[in-house]
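Accompanying notes for the structure given below.
The values are calculated or read from the model by the stated rules, or taken from the named source; none is laboratory data. Keep in mind the model is a prediction, meaning the values are calculated, not measured. Backbone-built Cβ (ideal geometry, glycine too); neighbour counts: all protein chains shown. The area values use the complete protein model at the heavy-atom level, side chains included, leaving out ligands, DNA and RNA. Shrake-Rupley method; radii C 1.70, N 1.55, O 1.52, S 1.80 Å.
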Amino acid sequence: AHYWMDVLIELPLIAGVVATGAILSASAWPLTPLHWLKIGAGLVAIGFNLYCAGLVRRRYQRRGEPAIAAALARRIRLTGVGIPAGLLAAILGLRYFA
């Protein structure tokens, strides 16, 4: 189920976030240091999310090999370290740029 959630929901949402972020950044030019912090935090979160999606794809392809699938599942859980960066970007966006 994780694979299909990534393919059908998560990856299109990431593409939308990147597209709208680029449009909003272009319209707010020149950017303040707070904008750059938000963009940096968002890119860190997006990077971890894309890395996780790649791991999920590999796990889906190797689902017949339990040892490899388990090792990939452990690595997938570790990508949660990107959550604080995503929260920072969300807080900055909602609080300061609303």
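Looking at I68, I39, I46, I9, which is the one that is part of a helix (DSSP H, G or I), β-branched (V, I, T) and loosely packed, with under 14 Cβ neighbours inside 10 Å?
I9 is the lone residue from the list that is part of a helix (DSSP H, G or I), β-branched (V, I, T) and loosely packed, with under 14 Cβ neighbours inside 10 Å.
What are the residue pairs meeting all of these: first residue in region 68-79, first residue farther than 10 Å from R58 by Cβ, second residue open to solvent by 40 Å² or more (accessible area, probe 1.4 Å) and assigned to a helix (DSSP H, G or I), Cβ atoms under 8 Å, and 6 or more apart or on different chains?
The qualifying pairs are A73/R59; T79/F48; T79/N49; T79/Y51.
Which of (1) surrounded by 11 or more Cβ atoms within 10 Å (Cβ to Cβ); (2) in a helix (DSSP H, G or I) is the odd one out, the single condition L31 does not satisfy?
(2)
Name the one entry in R95, R62, R75, R57 that is surrounded by 12 or more Cβ atoms within 10 Å (Cβ to Cβ), over 17 Å from the mean Cα position of the chain (by Cα) and not β-branched (V, I, T). Don't jump to the end; show me each part of the working.
Numbers: R95 fails: surrounded by 12 or more Cβ atoms within 10 Å (Cβ to Cβ); R75 fails: over 17 Å from the mean Cα position of the chain (by Cα); R57 fails: over 17 Å from the mean Cα position of the chain (by Cα).
Being surrounded by 12 or more Cβ atoms within 10 Å (Cβ to Cβ), over 17 Å from the mean Cα position of the chain (by Cα) and not β-branched (V, I, T) holds for just one of R95, R62, R75, R57, which is R62.
Which count do you get for residues in region 63-81 that are touching a helix residue (DSSP H, G or I) at 6+ places or on another chain (Cβ under 6 Å) and either modelled with pLDDT of 90 or more or aliphatic (A, V, I, L, M) (or both)? I'd like the intermediate steps shown before the answer.
Taking region 63-81 and keeping what is touching a helix residue (DSSP H, G or I) at 6+ places or on another chain (Cβ under 6 Å), we get 63, 69, 72, 75-76, 79.
If we keep only those that are either modelled with pLDDT of 90 or more or aliphatic (A, V, I, L, M) (or both) as well, we get 69, 72, 75-76, 79.
Total meeting the criteria: 5.
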